[in-house]
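What follows is a short report on a single structure.
The values are calculated or read from the model by the stated rules, or taken from the named source; none is laboratory data. In this text the structure is predicted, and so the values were computed from the model without any measurement. Here the Cβ positions follow ideal geometry from the backbone for every residue, glycine too, while neighbour counts run over all protein chains shown.
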Amino acid sequence: MAEETMQFKTELEQLLHLITHSLYSHREVFLRELISNACDAIDKVRFEGLNNEEILEGHSDWKIFIKADEEAKTLTISDNGIGMSRDQVIENLGTIAHSGTKAFLAKAKEADLANNPELIGQFGVGFYASFMVADDVTVVTKAHGEDAVKWESKGTGSFTLSDADKADRGTEITLHLKEDAAEYLNEWTIKSTVKKFSDFLEHPVVMCTTKKDEETEVEEEIEEQINTQKAIWLRPKSEITDEEYGEFYKHISHDTNSPAETIHYNAEGAIEFKALLFIPEHKPFDMMMNNDPKAHLNLYVQRVFISNEFDNLLPGYLRFVKGVVDSSDLPLNVSREILQENPMLDKIRKNLTSRILKTLANMKKTDYEEFQIFHENFSAILKEGLQTDWENKEKIAELLLFESTAKDAGEKTCFDDYVERMAEGQEEILYLAGENRASIENSPYLEKFKADGKEVLLMIDPIDDFVIPQLFEFKGKKLKAVNKGDIEEDKEKLKEEEKQFEGFIGFAKELLDGVKEVKLTTRLKDSAAVLVGDEYSMSPHIEEMMRRMGQ
Ligand code: ADP
Ligand code: MG
């Protein structure tokens with residue numbers, strides 16, 4: 001086929017401009033992104049090969065090669081992964097902007113991209129990091145049963161496609177380095193960068209250098225593996241440093257910070273697997289951007305990466321957890337679809353869930369400060385579990401923090417502590433949900449409880465009003481919204497006054513058309529009247545939110 005020039009999608013062009021101009025001080029991430037793509041490509045073909053050996057074409061000695069050519073000023077990264085067909089090249093490297101690109105562009109302007117180089121990886125635009133160091137990038141690639149194809153671009157408006165010579169399956173990416181990026185031709189720089197980012201990668205990353213034999217003057221290729229290639233989750237805990245855990249966490253999460261908690265264990269007994277999980281401290285960028293309700297753990301079976309898309313491996317309300325699960329009890333030679341149905345996954349999920357909740361409970365007990373940060377960032381997600389995980393409802397509820405009439409604004413308490421402080425004879429956990437503390441702390445709903453010295457939890461997270469009613473009770477104590485249904489009244493006093501106000505109540509009923517009932521109450525101290533919903537009605541706060549959302 002003749003050479004063909006195509007235009008980048010507009011968003012891609014903007015993206016390239018942004019990347020090449022604002023990430024200068026973190027240019028080294030290009031190497032991590034290209035190696036991680038090579039690794040993904042190997043994972044893909046290895047997985048496909050399990051059911052279709054033909055696709056392997058006899059090459060399953062997985063390797064990622066790096067080679068620098070000082071004279072030509074090029075750096076080449078190649079793999080024997082799945083390769084790409086012509087159409088795939090167009091789709092993946094040019095015309096179709098990934099779904100994340102738009103979101104990335106919108107956010108990248110706000111965020112200080114220069115200080116957040118991890119953003120590139122988070123939005124699935126890693127390949128374009130090449131243009132931070134290269135003024136010309138060539139990709140030669142071949143997929144099984146397809147012709148080899150060459151993609152070339154200077155990272156400005158367009159790219160060209162042409163036929164290529166390549167006998168074996170895989171991808172070779174050649175970067176013609178910019179003048180000021182010549183350091184990436186240096187063997188030591190390459191090695192130390194790769195080691196930093198990719199030491200634990202499963203596939204060998206090999207540096208190729210040529211040396212002239214002094215006597216014969218014949219050039220000799222020397223291969224040297226750079227990474228130690230030890231799957232970190234298989235190593236004994238005692239041998240792994242915090243730095244190593246941290247690097248691995250950053251690798252899988254694209255977070256720049258260290259995790260708040262690391263959970264590393266071997267499950268033994270009815271089901272055997274190894275898990276390495278991380279609880280982040282802060283919301284990673286991708287989580288703020290997309291509202292994906294699924295958790296994405298990386299599932300391995302006997303060290304072979306299977307998928308990060310299984311939604312039954314971890315419940316959605318724990319989706320902030322990142323990590324790896326590796327099981328040798330699961331079958332390897334089945335499709336992802338069949339594996340997803342395996343009942344073993346439910347057992348793994350139960351085990352992981354209880355481990356994570358236990359870790360959080362422990363964090364609350366032993367490192368309250370860190371726990372508060374976690375709560376600030378993730379409790380809204382965690383609370384979804386009150387609705388979806390009935391088995392663990394109470395354990396989740398134990399982890400929740402709320403403002404309270406017994407505490408100053410900003411200071412929080414939890415159900416357990418509330419119960420401990422409950423007044424003599426108080427049967428219910430009282431709460432009031434609303435938009436913010438200021439708007440509800442002087443509400444007429446609270447008047448009686450204030451006068452009686454009863455504490456009321458103030459729930460000001462928007463999700464509270466939706467999920468807290470689903471909890472019904474906490475450790476045998478019923479939850480009671482003070483703006484709904486009946487509350488304990490002073491019956492004698494009511495009786496006394498009923499006669500006196502009979503006429504007025506009739507009048508008020510007529511006047512307030514649409515109100516279901518008009519009743520005398522002893523719940524008010526200063527206010528004259530208050531609107532109360534039915535016990536199981538939608539709260540006014542939710543109604544207001546729905547109205548705002550145009551429902
Ligand atoms: P991401 O890796 O997040 O999908 P990238 O910009 O890094 O985003 O890569 C875009 C796509 O290009 C990949 O999803 C993959 O389909 C394809 N690709 C990139 N590098 C390779 C490679 N070495 N082998 C095969 N496909 C590749
Ligand atoms: Mg990538």
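So is LEU18 surrounded by 17 or more Cβ atoms within 10 Å (Cβ to Cβ), over 23 Å from MET207 (Cα atoms) and within 11 Å of ligand 1 (Cβ to nearest atom) or not? The answer is no for LEU18. Scanning region 47-69 for residues that are within 13 Å of PHE305 (Cβ to Cβ) and within 13 Å of ligand 1 (Cβ to nearest atom), we see that the one that is surrounded by the most Cβ atoms within 10 Å (Cβ to Cβ) is TRP62.
Note on region 27-72: among residues that are part of a strand (DSSP E or B) and of a type in the set (A, V, I, L, M, F, W, C), the one that is nearest to ligand 2 (Cβ to nearest atom) is ILE64.
Tell me whether region 323-333 contains one or more residues that are in contact with a Ser or Thr (Cβ under 8 Å, 6 or more places away or on another chain), closer than 26 Å to ASN257 by Cα and not hydroxyl-bearing (Ser, Thr, Tyr). No, region 323-333 contains no residue that is in contact with a Ser or Thr (Cβ under 8 Å, 6 or more places away or on another chain), closer than 26 Å to ASN257 by Cα and not hydroxyl-bearing (Ser, Thr, Tyr). The selection criterion, being over 15 Å from ALA41 (Cβ atoms), within 12 Å of ligand 1 (Cβ to nearest atom) and touching a residue at least 12 places away in the same chain (Cβ under 8 Å), does not hold for SER153. In contact (Cβ under 8 Å) with a residue 60 or more places away in the chain and aromatic (Phe, Trp, Tyr): is that true of PHE320 in this structure? Answer is yes for this residue.
Filtered by the rule that a residue be of a type in the set (A, V, I, L, M), in a loop (DSSP other than H, G, I, E, B) and touching a residue at least 40 places away in the same chain (Cβ under 8 Å), region 201-225 gives a lone residue, LEU201. Checking ASN362, ASN351 one by one, the residue that is touching a strand residue (DSSP E or B) at 6+ places or on another chain (Cβ under 7 Å) and either surrounded by fewer than 19 Cβ atoms within 10 Å (Cβ to Cβ) or within 13 Å of GLU261 (Cβ to Cβ) (or both) is ASN351 and no other. In summary, LYS395 fulfils each of the numbered conditions (1) closer than 22 Å to PHE374 by Cα; (2) surrounded by fewer than 14 Cβ atoms within 10 Å (Cβ to Cβ) with the single exception of condition (2).
Here's the yes/no breakdown for (1) touching a residue at least 60 places away in the same chain (Cβ under 8 Å); (2) buried (at least 20 other Cβ atoms within 10 Å of the Cβ):
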{"residue": "GLU239", "(1), (2)": "no, no"}
{"residue": "ASP242", "(1), (2)": "no, no"}
{"residue": "THR256", "(1), (2)": "yes, no"}
{"residue": "TYR265", "(1), (2)": "yes, no"}
{"residue": "ALA275", "(1), (2)": "yes, yes"}
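Could you please let me know if PHE310 is in contact (Cβ under 8 Å) with a residue 60 or more places away in the chain and surrounded by 13 or more Cβ atoms within 10 Å (Cβ to Cβ)? Against the criterion (in contact (Cβ under 8 Å) with a residue 60 or more places away in the chain and surrounded by 13 or more Cβ atoms within 10 Å (Cβ to Cβ)), PHE310 does not qualify.
Consider VAL139 carefully, then state whether it is β-branched (Val, Ile, Thr), buried (at least 21 other Cβ atoms within 10 Å of the Cβ), closer than 24 Å to THR5 by Cα and away from ligand 2 (no atom under 16 Å from the Cβ). Criteria not met by VAL139. Can you go through GLU510, GLU455, GLU502, GLU489 and tell me which one is at pLDDT 75 or above and farther than 29 Å from TRP390 by Cβ? Among GLU510, GLU455, GLU502, GLU489, only GLU510 is at pLDDT 75 or above and farther than 29 Å from TRP390 by Cβ.
Looking across region 1-15, just one residue is assigned to a helix (DSSP H, G or I) and surrounded by fewer than 15 Cβ atoms within 10 Å (Cβ to Cβ), and that is THR10. Residue check, PRO284 against (1) within 27 Å of ILE42 (Cβ to Cβ); (2) at pLDDT 85 or above; (3) under 18 Å from the mean Cα position of the chain (by Cα), all met but one. Which one? So the condition that PRO284 fails would be (2). Looking at ALA397, is it in contact with a Cys (Cβ under 9 Å, 6 or more places away or on another chain) and small (Gly, Ala, Ser)? Judged against the criteria, ALA397 is a match.
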